[in-house]
Amino acid sequence: TTAPVLTIDGPSGSGKGTISRIVAQRLGWHYLDSGALYRAVGIAAGWADIDLSDASALVRCTFDTEIGFRDDAAGEPRVIVNGLDATDELRTETAGAAASAIAAIPEVRAALKDRQRVFRQLPGLVADGRDMGTVIFPDAAHKVFLTASADERAERRYKQLKDKGVSVTLDGLLREILARDARDASRAVAPLRPADDAVRIDTTGLGIDGVVALVLDVVSRPS
Ligand code: C5P
């Protein structure tokens with residue numbers, strides 16, 4: 001039997017990461033953070049001094065980059081890139097912007113396809129990203145598309161980064177979020193859009209528990 005999949009797509013700051021992790025834990029399912037793969041290639045390209053406009057070098061870099069996921073002793077997820085713990089570097093806006101740039105290259109997306117599909121294992125998978133329901137797991141039994149207003153997404157990011165002691169401005173974050181949204185939605189391959197059969201959930205003004213409950217509801221519906 002093939003494992004059931006719940007896809008959770010949406011723009012940056014929609015709460016996908018937080019919600020997906022909690023839902024995966026509740027269901028006892030595996031979790032795929034597909035954005036981390038794009039971010040990992042983005043920072044590996046940076047380490048190798050590859051220009052973000054050099055598509056063929058970026059494609060080679062995608063094949064060459066080793067990416068591993070594991071939880072540390074405290075149960076916190078860590079991402080290992082070419083043998084180095086890159087978890088903190090992966091979360092920076094620089095890594096996000098690099099990811100978004102390389103994610104627009106069709107051969108890079110193709111090279112990462114199988115590396116995402118291997119996460120589909122019993123008893124099930126929660127897949128978090130931009131094109132999980134449309135391209136990577138189009139046959140998923142359960143699909144969710146999370147949104148939130150740009151202002152609210154910028155505020156959430158702001159709080160997250162401030163808690164980590166990163167100095168940023170709300171205004172700057174809002175501008176970055178809008179720029180990344182525009183790039184992700186307008187690219188020719190796998191643009192950010194809800195799958196036709198996705199349930200859309202607007203999380204503006206909702207707390208984490210409220211969103212988790214709505215998503216679990218989608219999974220318990222007969223499909
Ligand atoms: O979700 P996250 O912010 O980590 O993703 C970083 C970038 O990677 C996104 O802005 C997007 O350009 C790209 N991405 C993608 N497809 C995915 C996941 C992420 O294109 N499935």
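Coordinate-derived values only; no laboratory data. Bear in mind that the values here come from a model prediction, so they are computed numbers and not experimental data. Here the Cβ positions follow ideal geometry from the backbone for every residue, glycine too, while neighbour counts run over all protein chains shown.
Each residue of the chain gets 127 Å³ once the volume of the Cα convex hull is shared out per residue.
Secondary-structure-derived ellipticity at 222 nm for the chain, considering helices only, amounts to -14500 deg cm²/dmol, per-run term -39500 (n - 2.57) for DSSP H runs with n ≥ 4. Summing Lys and Arg as +1 and Asp and Glu as -1 over all other residues whose Cβ lies under 11 Å from the Cβ of residue 82 gives a net charge of -3. Here segment 5-218 carries DSSP beta bridges of which approximately 30% are antiparallel, counting only pairs with both residues inside. Between segment 173-223 and segment 16-74, the alpha-carbon centres lie 19 Å apart.
By the rule of a C-alpha distance below 18 Å, with chain neighbours fewer than 8 residues away ignored, the lysines paired with residue 16 are 143, 159.
Working from Cα pairs under 8 Å separated by at least six residues, relative contact order for segment 5-218 is 33 percent. Taking each residue as 0.36 nm, the span from residue 178 to residue 48 lengthens on full extension beyond its C-alpha to C-alpha distance by 44.0 nm. Here the gap between residue 168 and residue 76, fully extended at 0.36 nm per residue and compared with their Cα-Cα distance, gives a gain of 30.7 nm. Panel order for 70, 21, by other beta carbons found within 10 Å of each beta carbon, from fewest to most: 70, 21. Residue separation of residue 56 and residue 202 scaled by 0.36 nm, minus their Cα-Cα distance, works out to 48.7 nm of gained length.
Which listed residue (150, 179, 203) has the Cα farthest towards the positive end of the charge dipole for segment 70-221, taking +1 on Lys and Arg C-beta and -1 on Asp and Glu C-beta about the Cα centre? Farthest towards the positive end: 179.
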